[in-house]
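See below for the structure under consideration.
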């Protein structure tokens, strides 16, 4: 069951198999908010990650179905950490996922830092290392990547995590 909050976000309650109810975390206004939309294509799915700002939704990262194939584990982890069931991730999903700051920032970094890499081993190293980073570290690198010298910051992050 889901209901609309006063500020426009969905407040969701999941019914667990044993009959108990688990609440999906809904971020407050002091945190960044993210919306993850899955896009279907040829039996696979791509993704678009948006940040909810006071001025509307701002596109943070995008991955085609081919690029998202290596990010499926990261997407599933982010969605599960925010209380959604992992079975809901797939090309049939029509509704977006609301992500909290920690999961949204981490997923954004994983997408931004890995999508441009061609080497699968480096890509998986970057994604795995970012998954192990602390929330504060991820927020620092996210701020750098979204700043004026974002491409330089992403290159530095890739070099730090996977070497060259």
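The numbers here are math on the coordinates, done by the rules we state, and not lab data. These numbers come from a predicted model, not from an experiment. FYI the Cβ positions are ideal-geometry reconstructions off the backbone, even for glycines, and counts take in every protein chain you see.
Summary of values
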| item | result |
| --- | --- |
| Residue 95 versus residue 31: modelled label distance in nm, points set 7 Å from Cα along the beta carbon direction | 1.9 nm |
| Per-residue Cβ neighbour rank within 10 angstrom, fewest leading, 85, 77 | 85, 77 |
| Residues residue 149 and residue 53, FRET efficiency given R0 of 30 Å [Cβ-Cβ distance, rounded to 0.05] | 0.90 |
| Cα-based equivalent ellipsoid of the stretch 54-164: semi-axis lengths in Å, sorted from largest, via gyration tensor | 22, 17, 13 |
| Residue 72/residue 132 FRET efficiency (R0 22 Å; Cβ-Cβ; nearest 0.05) | 0.80 |
| Ellipsoid semi-axes in whole angstrom, largest first, where each is sqrt(5λ) of the Cα gyration tensor of the stretch 117-164 | 18, 14, 7 |
| Relative exposure of 88, 30, judged by other C-beta atoms within 10 Å (fewest first) | 30, 88 |
| Pairwise label distance in nanometres, residue 156 with residue 64, each label 7 Å out on the Cα-Cβ vector | 3.1 nm |
| Förster radius 22 Å - calculated FRET efficiency between residue 40 and residue 118 (Cβ-Cβ, nearest 0.05) | 0.30 |
| Which of 31, 87, 51 has the fewest Cβ neighbours within 10 Å, and the rest in rising order | 87, 31, 51 |
